[in-house]
Amino acid sequence: QVQLVESGGGLVQPGGSLRLSCAASGRFFSMYTMGWYRQALGKQRELVATITSEGSTKYADSVKGRFTISRDNAKNTVYLEMNSLKTEDTAVYYCKAQRANIYWGQGTQVTVSS
């Protein structure tokens, strides 16, 4: 069983930056593929970025060059560094852990607005 707790969301102006964190409990964190997803109001949840146990990363085209996913296995934490934020990045951001099973966090709200 894995529990995920996201933090770091908030209100930021367009062009600003935020760093999201996702702290995981449970064993074998380093073996999980970790991901960030987001869901805007009235839209489906979509992939933002993933990072494998080997450190390979993948990004949605809409965030490439602006967002960076990373992980610290010693701290059981995955991060999402978000720069040059746009109003269309506004959403609830969810952390996901996947190995044999899939686990989701409760989400953290990111609002980009002037």
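The values are calculated or read from the model by the stated rules, or taken from the named source; none is laboratory data. Fair warning: this is a prediction, and the values are worked out from it, not measured in the lab. Because the Cβ atoms are built from the backbone with ideal geometry, glycine has one as well, and the counts that use them run over all protein chains shown. Ligands, DNA and RNA are stripped out before the accessible areas are found, and what is left, the full protein with its side chains, is counted by its heavy atoms. Shrake-Rupley method; radii C 1.70, N 1.55, O 1.52, S 1.80 Å.
Laid out as a table, the results:
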quantity: Contact order relative to length of the chain, as percent, for alpha carbon pairs under 8 angstrom and 6 or more apart; calculated: 37 percent
quantity: Largest to smallest accessible area among THR68, THR90, THR50 [probe 1.4 Å]; calculated: THR68, THR90, THR50
quantity: Residues whose placed amide H lies under 5 Å from that of ARG99, excluding near-sequence neighbours; calculated: none
quantity: Of all accessible heavy-atom area on the chain, the percent that carbon and sulfur account for (1.4 Å); calculated: 46 percent
quantity: Ratio Rg/Rh, restricted to the chain and using Cα atoms, in which Rh is the Kirkwood radius; calculated: 0.95
quantity: Loop sites in the range 6-52: trypsin sites (Lys or Arg not before Pro), DSSP, at most 16 other Cβ within 10 Å; calculated: ARG27, LYS43, ARG45
quantity: Per residue solvent-accessible surface (Å²) - the chain, probe of 1.4 Å; calculated: 54 Å²
quantity: Residue-level accessible surface for THR87, protein heavy atoms, 1.4 Å, Å²; calculated: 80 Å²
quantity: Residue-by-residue Karplus 3J(HN,Hα) for the range 95-111, coefficients 6.51, -1.76, 1.60, Hz, glycine and proline x; calculated: 9, 10, 10, 9, 9, 6, 10, 10, 10, 10, x, 8, x, 9, 7, 10, 10
quantity: Net lengthening on full extension, SER53/ARG66 (0.36 nm per residue, minus Cα-Cα); calculated: 2.5 nm
quantity: Kirkwood Rh in Å, taken over the range 38-105 so that all alpha-carbon pairs contribute; calculated: 13.0 Å
